[in-house]
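S.K.: Shown below is the structure under consideration.
Coordinate-derived values only; no laboratory data. Everything numeric in this text was worked out from a predicted model, so none of it was measured. Cβ atoms come from the backbone with ideal geometry, glycine included; neighbour counts cover every protein chain shown.
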Amino acid sequence: MTDARPTSLLICALGGEGGGVLTEWLIETARHAGYAAQSTSIPGVAQRTGATTYYIEVFPVPVAQLGGRKPVFSLNPVPGALDAIVSSELLETTRQIGNGMSAPDRTAVITSSGRTLTTQERMQLGDGRADSAELLAVVRRFSREHHVFDMGAVAKEAGTIVSAVMLGAVAGSGLFPFSRTDYEAVVRGDGGRMAQASLRGFARAYDIVSQPRIQAAFVGDLLSNEEHVAPIQRGLEADIAAMFPPQVHAMLALGHARMLDYQGPAYARLYLERLQQVLAAERAADPAGAQGFATTTEIARWLALWMAFDDIVRVADLKSRATRWQRVSGEVKAGEDDLLQVYDHFKPGAPEFAALLPVGLANKVLAWDRARVLAGKTPWALPLKIGTHSVFGMLALRSLASLKWLRVRGSRYANEQAMIGKWLAGVVQGTRRDWQLGHEIALCGRLIKGYGATNERGKDNLLHVLDHLALGADAQAAAQAVAAARSAALADDAGRALDATLLAHGAPARPVKEQPIRFVRKPKTLAS
Amino acid sequence: MEVSFSKEIESLRLGAGETFHGEGILAITKALLQSGVAYVGGYQGAPVSHLLDVMVQAKPYMDELGVHVEACSNEASAAAMLGASIHYPLRGAVTWKSIVGTNVASDALSNLSSPGVTGGALIVVGEDYGEGASVIQERTQAYALKSSMCLIDPRPDLGVMVKMVEHGFRLSEASNMPAILELRIRACHVRGSFEASDNVKPAVSTRAWMENPAGFDYMKLAHPPVTFRHEKLKGEERIPAARKYIADNNLNELLPGKHADLGIIIQGGLYNSAIRSLQQLGLANAFGDSDIPLLVLNVTYPLVPEQIADFCAGKRAVIVVEEGQPEYIEQEIATLLRRRDIQTPLHGKDLLPPAGEYSVEVMSQGLSLFASAYLPGAATESAKRWLEGNRTRRSEVAAVLDKPLPARPPSFCIGCPERPVFSALKMTQAEIGAVHIAGDIGCHAFGTFEPFSMGHSILGYGMSLASRAGVSPMMQRRTLAIMGDGGFWHNGLLTGVQSALFNGDDAVLLIFKNGYSSATGTQELISTPGPHEAMSSERMKSQTHTNTTIEATLQGLGVQWLRTVHTYKVAKMRDTLKEAFTSDFNGLKVIVAEGECQLERQRRIKPWIAKLLKTGKRVVRVKYGVDEDVCNGDHACIRLSGCPTLTIKDNPDPLKVDPVAVVIDGCVGCGLCGENAHAATLCPSFYRAEVIQNPKWHERLVAGLRGSFVKMLQPA
């Protein structure tokens, strides 16, 4: 008996997930089953969505057999001396393993495959998400056994919160010497609807963890999702397909369909012509197709996205489709008998209207707006909240969506086409010099996205890269410089990383944008 | 309406023969009542918030017992409350988070300790130290030493903690010294049990008044010349009396072990970790029987010199396990041994790290060095392998991961009214340039985390405005001080506003008026909105405008430039900030950023909405969303918000590679997404959906007609 040691469990949860309730359940269950137990936690301000942990120890010999002796429990989880870790979030599981908590010869890790993304991951300009497969690899390698399933999904399915699912998972793992009925008696408490939902979640998790086959299916799903390729639209016409090598077809089909949807057949033809230029250059640089026509494929993607630039017409079109209404109904979980009202936020400014005007007129509008700003006013904009569910709102959106004919006559169209031409020329020129250089310039299409200032910033960055890095004397060095600048441009929206990278590769930093200066009157001091 | 503690209040009523089950801090609360405490005060803050929260809510029961409970405006006022125990035989207890609370209270504590107390005075502090702490890492021990207060650091076993509260009062009375009882974070939240005894009604209480004040006694004043006598009394009478009480009642525990020639002296609060370390080293069993004798100091000040000397004399070596710096206890023991010419080698901070929490692993590292020096053996070697294994594993995991894992600090709640202000502030700075931002304590300190990363300094609770007084005269642009309503009432009104007005400072102060002292646990303040029985649409709104104590106070003090702006009006907030930074008015400019704490609002409206739905009444639910085909994947909206429900998912468009923004379940429809999209001219992908549950019949009719028209217009 004196050789027995407490069974230890570390619980990782995020604020608001009911970690406190879970520990209370576990302590009550131990009491119910007649075992000595202790829990501690460090909640602090972590209830405000931060990560936190709870720690529990249970002495695996019934109190009745201890002869009045009391085990001494630890208040801290001991790295490398834990029997189990249960966690509602995959990155937090990995964090605790990284802290040394899990010992591969001792610790069972029960974790949700679900992710609640951190702010750092969410706020990046591109894709800042941690790789779940990498996190899962850590779980596998540094645990005695592991149980992985989507706890959030199970909780949702059962209509409960994740703490009940975590309890079921702990119970199902057989970690503690308590019977299933001990746990259930505590959760049931004095009954009630909440308790029923908790019991459903508990039972489902219990089954998943205690029956490895169900769980294997979960993990299989997760892993196959990792490598899941989005369904590709078929139906590329034969004559178009014949113009391009098969490696390009999938992307080409998507791009071509986008052009038809965005503007029409003539625009789609322009797309194909442009793509042909790049293909010709790539064939010249890589006649054997050793690179699998990767540059043409990438251009098929980025060119389609750029040519389908987002303007009022496009947004109005997307927002007024029936499929969109259905998607929103699903997202907000409107019931059968509920009424749904959807309001769309728009704030078109002078540039958005100028976009649809011919160049001369557009310049006048923009000059007027700039004069406003120089006079210390804010740029002109029209904040709109349009009820898409209303007849008036839908009419307004459909009217705007029907302005495709005006789009091709507008100043923005002209401007975009010129820029696209410049970029493609860069790609073609680069490809002729060195395949890699052309490829890197092609990938810079990623910098072009969005609306307003975001879009402007992307274009400025791309132009700067084309003018100052793509022309470098050594083609291979230029390719490296372009690649570095591209990832730097996605590092921060102020462009600090990009400027640093530009300077490091011998190019000038981007020019400073003019901005009105404000003078603030200060009280008389020695400095004045 | 705050969190309900009805279950906890029930356990306060337990009597002899019953077993208490619950958290450490609640056990302490129960122990106060068992000790016949007459008055309780304090200032909330984790990890001891619950003590006062529970007592405030248990008012009817406290009235029954005759116990007075006061939620003090800050720790100084709580400490001053202990003045009642100077003259009168009243047992009093106050509580706060330490070290910060003790800092604020220290003036009153010095003036209390000098004349000393008649009735037992107990200060329950949450030693916010180590993992999970939210304040600077310093020790309360220093205050006990400098003001001559007893310091109790009980073994984290509920039974011992309760016993030490009861002894604490008697120790205080026996020595005339106020006593501090410190609990570390995990001890506050430890769940365990103890055998309860009956609560004791205080002899003098709110139900049994004193007839007359005490007679005049100059010795009870902290005023010269008696302060000189007080200082002597501390050394000549009080500390010796305390030592006698500690020794007579065996407050410190001497636990024998078979290696009688070695010894460990340890703070009571670290006992459990030490036992687990010894278990890892093969030197203790599961029930705490240690092979090395232990002296567990449940009272870490004053020490009992005879006890220490007896423990150390004749041993091959002794190690002092003392958390934090400086190592006051070890130094005192060293002096004591030296003066008595006891030659036992003394270890402590030479083997243990000077800073940081003594977790089991950290302690094991030190103790394994001690053991391998004096008790070489197989168990020590296996413990070393375990420690080495931890180190190796950490570097292995780091090597497997492509880059370090992103941190997950706490952040503004979903729908927090403070988030929009930081959005507006980000936009303002983009226009007029960066400003110096003096930060403060409170939820708004989450603005220092991503995506805002704002704030240059945090000098204490309510100190922001005062902390920029030396900056603004030196800076071309105006400075901003941010303060919560909690901080404003705690300290900021006087140290900040009054001082800035008196000195004619040119500064901008932004006060978050969310109605509660939220980060400490949404306790009520003098400016908390009153009970609301308003009509439905009114009830859904923020209620903070119903209490204008802050505005009235500022006006009364003479603030000339005062704007109250609702925080969700982002564009207006941005313009107001801009005006404050650029206005020709050169005095103090105060912006009251108003918006009810979302936690409290949800607590208020959730049960009400549930009731409406149950009875089939009309309810409008608001949720925001992002059109995935319109979203540009730049995530500028997230960089302006950081709301947990505004996240990203894989782009459903196979052409696009960057993830799109998505609003997930849990969105409370606060409206910030829409406001930001407008104010910052973001992309047009946001929509606001209003789901009307149980609509009226005419609404259905109109919606039906409208729907068929709209469908005709919609393409697939």
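S.K.: Please list log₁₀ I(q)/I(0) at q = 0.10, 0.24 Å⁻¹ for segment B:615-716, using the Debye equation with identical point scatterers on the alpha-carbon positions.
M.R.: Computed log10 I(q)/I(0) values: -0.38, -1.18.
S.K.: Sticking with this one: Taking the mean number of other Cβ atoms within 10 Å as a proxy for protection, how do you rank A:259-269, B:623-633, B:483-493 from highest to lowest?
M.R.: B:483-493, B:623-633, A:259-269
S.K.: Let me ask something additional. Counting Lys and Arg as +1 and Asp and Glu as -1, what is the net charge of the other residues whose Cβ lies under 9 Å from the Cβ of B:GLY484?
M.R.: Charge balance in the 9 Å sphere: -2.
S.K.: The protein assembly as shown: D in µm²/s via Stokes-Einstein (Kirkwood Rh, Cα pairs, 25 °C, 0.890 mPa s)?
M.R.: 72
S.K.: Here is a further query. In whole percent, what relative contact order does chain B give with Cα contacts below 8 Å and a gap of six or more residues?
M.R.: 10
S.K.: What are the principal axis extents of the Cα atoms in chain A, in Å, biggest first?
M.R.: Principal extents (largest minus smallest coordinate, Cα): 95, 68, 63 Å.
S.K.: Given segment B:435-493, what whole percent of its Cα pairs are spread farther than 15 Å?
M.R.: Cα-Cα pairs of segment B:435-493 separated by over 15 Å account for 43 percent.
S.K.: Which three extents, in whole angstrom, do the alpha-carbon atoms of segment B:469-542 cover along their principal axes, largest first?
M.R.: That gives 50, 23, 22 Å along the principal axes, largest extent first.
S.K.: Based on the alpha-carbon gyration tensor of segment A:411-521 and its eigenvalue square roots a ≥ b ≥ c, which shape applies: rounded if a/c is under 1.5, prolate if not and a/b is larger than b/c, or oblate?
M.R.: In terms of gyration-tensor shape, oblate.
S.K.: Can you pull the semi-axes for segment B:276-322, root of five times each eigenvalue of the Cα gyration tensor, sorted largest first, whole Å?
M.R.: 22, 13, 9
S.K.: Could you please report the charge total around A:LEU305, scoring K, R as +1 and D, E as -1 over all other residues with beta-carbon less than 14 angstrom from its beta-carbon?
M.R.: -1
S.K.: Related question: Taking chain B as the region of interest, what is the percent of Cα-Cα pairs per 20 angstrom bin, listed from the shortest bin to the one with the maximum distance?
M.R.: Reading the bins upward from 0: 15, 40, 34, 10, 1, 0.
S.K.: Could you quote the convex hull projected area for segment B:6-248, Cα atoms only and averaged over all directions, in nm²?
M.R.: Its Cα hull, projected and averaged over all orientations, spans 12.6 nm².
S.K.: Near A:TYR183, within a Cβ-to-Cβ distance under 13 Å, what is the net charge of the other residues, with Lys and Arg +1 and Asp and Glu -1?
M.R.: Spelling it out: positives minus negatives among the neighbours equals -1.
S.K.: With viscosity set to 1.002 mPa s at 20 °C, what whole-number translational diffusion coefficient in µm²/s follows for segment B:253-401 from Stokes-Einstein and a Kirkwood radius over Cα pairs?
M.R.: This corresponds to a translational diffusion coefficient of 136 µm²/s.
S.K.: Taking the square root of 5 times each eigenvalue of the Cα gyration tensor, what semi-axes in Å does the equivalent ellipsoid of segment B:196-264 have, largest first?
M.R.: In descending order the semi-axes read 38, 26, 7 Å.
S.K.: At 222 nm, what helix-only mean residue ellipticity would the protein assembly as shown give, in deg cm²/dmol to the nearest 500, using -39500 (n - 2.57) for each DSSP H run of four or more?
M.R.: -13500 deg cm²/dmol
S.K.: Long-range amide H contacts for B:ILE265: which residues qualify at under 5 Å (H placed 1.01 Å from N, peptide plane, sequence gap of 5 or more or a different chain)?
M.R.: B:LEU295, B:ILE319, B:VAL320, B:VAL321
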